[in-house]
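Data first, discussion second: the structure below is written as structure tokens.
The values are calculated or read from the model by the stated rules, or taken from the named source; none is laboratory data. Values in this document were obtained by computation on a predicted structure and should not be read as measured data. Note that each Cβ is placed from the backbone with ideal geometry, even for glycine, and that neighbours are counted across all protein chains shown.
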Amino acid sequence: MSAKGVDLLYGETLAVRDAAISLHRGEVAAITGQSGSGKSSLLYCLAGVLPVARGEIRFEGCLLGELEDEELSALRRERFGFVFQYGELLPELTVEENTALPLRLAGQRKAEALTAAGEVLGRLGLTELRQRRPSQVSGGQSQRVAVARALVHRPAVVFADEPTGSLDSANATAVLEEFLSLARSQGTAVLLVTHDSQVASRADSQYTMRDGVLSVLARDAK
């Protein structure tokens, strides 16, 4: 995935200015910055959720700005994964069903989707929680389930918006380790937004954002 010259407008306010970034399979990139700096806005532009005012975003040879709504929805559903700060699990579904949701939305049969969900949950140490509801698990466990859901369909890119922001330091470290290990092992690229410099330090590439301007802090050669 790559982007260049990306601007995002909120009304007349330029929230993202001339942003450029590239992300390779298996790479982890982190964007840090203060609240309101534009980092989450850029994340959602790259994920095809927010339309850009100028610039281009490319994924596997396609320009996101040229895709029809249906094509863009399919791309987000099948090729992208998402992890949010508070997990955002569906309370009426079990842990297993929440994890299998991307596969079910893509049309996979229930039995096959649940089997795949069980395998990912097992890798994250959550097998015993498969039949519990989100209200019956801890915050750290809930965030692990969110990670499993984001990775179960082996997406090309996972977009993570403050994935450990709601956790204490011990849980944050554990979730991050599992997240990055599993993502790298299956060749999934990860773009994460965080306030935490310790979280960002685990990334292959680090960026910072200030007043809508994205700058490179460090980048490993690929």
Does segment 19-30 contain any residue that is out of contact with any Leu (no Cβ under 7 Å at 6 or more places or on another chain), at pLDDT 95 or above and of a type outside the set (Gly, Ala, Ser)?
no
In segment 46-81, how many are of a type in the set (Phe, Trp, Tyr) and either surrounded by fewer than 19 Cβ atoms within 10 Å (Cβ to Cβ) or without any contact (Cβ under 8 Å) to a residue 40 or more places away in the chain (or both)?
0
Quick one: which strands (runs of 3 or more DSSP E) sit completely within segment 149-222 and have at least 1 residues that are over 16 Å from the mean Cα position of the chain (by Cα) and surrounded by 17 or more Cβ atoms within 10 Å (Cβ to Cβ)?
205-210, 213-219
Within segment 1-34, tally of residues that are crowded, with 22+ Cβ neighbours inside 10 Å, of a type in the set (Asp, Glu) and on the phi > 0 side of the Ramachandran plot:
0
So, in segment 56-74, how many residues would count as being of a type in the set (S, T, N, Q) and touching a strand residue (DSSP E or B) at 6+ places or on another chain (Cβ under 8 Å)?
0
Residues located in segment 121-148, provided they are modelled with pLDDT of 90 or more and assigned to a loop (DSSP other than H, G, I, E, B)
Leu126, Arg130, Gln131, Arg132, Arg133, Val137, Ser138
Of all residues making up segment 181-215, the number that are under 17 Å from His24 (Cβ atoms) and out of contact with any strand residue (DSSP E or B) (no Cβ under 6 Å at 6 or more places or on another chain):
5
Given the conditions (1) out of contact with any Ser or Thr (no Cβ under 9 Å at 6 or more places or on another chain); (2) at pLDDT 85 or above, and given that Leu217 satisfies all but one, which numbered condition is not satisfied?
(1)
